[in-house]
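Please read the structure below before turning to the comments.
The values are calculated or read from the model by the stated rules, or taken from the named source; none is laboratory data. Treat the numbers as computed from the prediction; the structure is a model and nothing was measured. Methodologically, a virtual Cβ is constructed for each residue, glycine included, from the backbone with ideal geometry; neighbour enumeration extends over all protein chains shown. Heads up: the accessible areas ignore ligands, DNA and RNA and are worked out on the full protein's heavy atoms, side chains in. Shrake-Rupley method; radii C 1.70, N 1.55, O 1.52, S 1.80 Å.
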Amino acid sequence: MPRPRQPGRHRRPEPLAAPEGAPALVLAVPGTTGTATRSLAEEVVSIARSELPGLDARIGYVDGDGPEFPSVQSVLSRAADDRTARYEQALAAGVEAKEPEGPVAIVVPLLAGPDSALLRRIRQAVMDSRVAAELTDVLGPHPLLAEALHVRLSEAGLARADRARLFTVTTAADGIILASTGGEEAVQAAGITGMLLAARLAVPVMSAALDQEGSIATVAEQLRSSGSHQLALAPYLIGPEIEAEVIERAAKEADCPAAEALGAYPAIGKLALAKYTTALGITPQQPQGVPVR
């Protein structure tokens, strides 16, 4: 017997499961394929599945080719074939089934910010598949990304873990360069998350473009001229969308240490799922992060 619902305003929300016949979530992963990229993508979809039982989550690579790293087009085509096969099997078994309608998949780009070049390629891949699919926005800006940036900086010893612990971090930065890709639009979008990060760290945060010559050095000079002496570079990136050498060169250009990219931080999977459920019109409990202390 199911347990009775706890009465009152503090009762736990009812667990949500993916609706029967719901579209697949296809995570569109940019950048060079490889075992590290696959591991990251698998971790992100694993988090999404844990948040929404029954979710059909798949991984498609923007530069994928072959069964090991399937392209976005091939993953969408396979999702369409699987939906048709399930319908035909139900009819053959004499089960009353409704003919599939609506999108076959919801495609979520694994991008923190609006990289127009990569988004154009993902959009083209969806069109080339000739499958009814919906493309969502990128994951940011969002407070959870500011939390993830904070965690990566603290892991590198460049920021205090939180304000409640009154200890000294001698290498803590007093100015943060938030590095993104995607040109001016991406820099402006990163600036929104940067304001949230600045509120968490109580230090100035300025965004700059990794793919614009001189942008990193210019922002580093602006921070130093305003009184910041210990800078740190925080990549506003998931990871696969750019080579690690680019971040290393940017850190040398700014003459400061750099934190790791966001990677498979738990919030990334939750935000990918939130994009999916919003497109689908279902409302699970909103992803929550660690509160600012």
Between Q124 and Q230, what is 0.36 nm times their sequence separation minus the Cα-Cα distance? Round to one decimal in nm. 33.9 nm
Of (1) 19.8; (2) 20.6; (3) 21.9, which is the value of Kirkwood radius over Cα pairs in Å derived from the coordinates here? (2)
State the extension gain, in nm to one decimal, for the chain segment bounded by D65 and R86, taking 0.36 nm per residue of separation less the distance between their alpha-carbons. 4.9 nm
Between the Cα axis of helix 215-225 and the main Cα principal axis of the chain, the angle (0 to 90°, nearest 10) is 40
Extending each Cα 7 Å along its Cβ direction at D255 and Q222, get the distance between those two points in nm, one decimal. 1.9
Cβ-derived FRET efficiency at R0 25 Å, A17 paired with A93, nearest 0.05: 0.65
Given +1 on the Cβ of Lys and Arg, -1 on the Cβ of Asp and Glu, and no further charges, what dipole in debye does the chain carry about its Cα centre, rounded to the nearest 20? 1360
Any aspartates and glutamates with Cα under 15 Å of the K275 Cα? List them, leaving off those in the same chain fewer than 8 positions away. E51, D56, E134, D137
Rounded to the nearest 10, the angle in degrees between the Cα long axis of helix 35-51 and the longest principal axis of the Cα atoms of the chain comes to 60
Please give the residues of the range 80-124, grouped as numeric ranges, whose backbone N is less than 19 Å from a label point set 7 Å along the Cα-to-Cβ vector of E243. 117-118
Using only Cα atoms, find the angle between the long axis of helix 72-92 and the longest principal axis of the chain, and express it within 0 to 90 degrees, rounded to the nearest 10. 30
Over the chain, with the other protein chains present, what is the accessible area per residue in square angstrom, probe 1.4 angstrom? 52
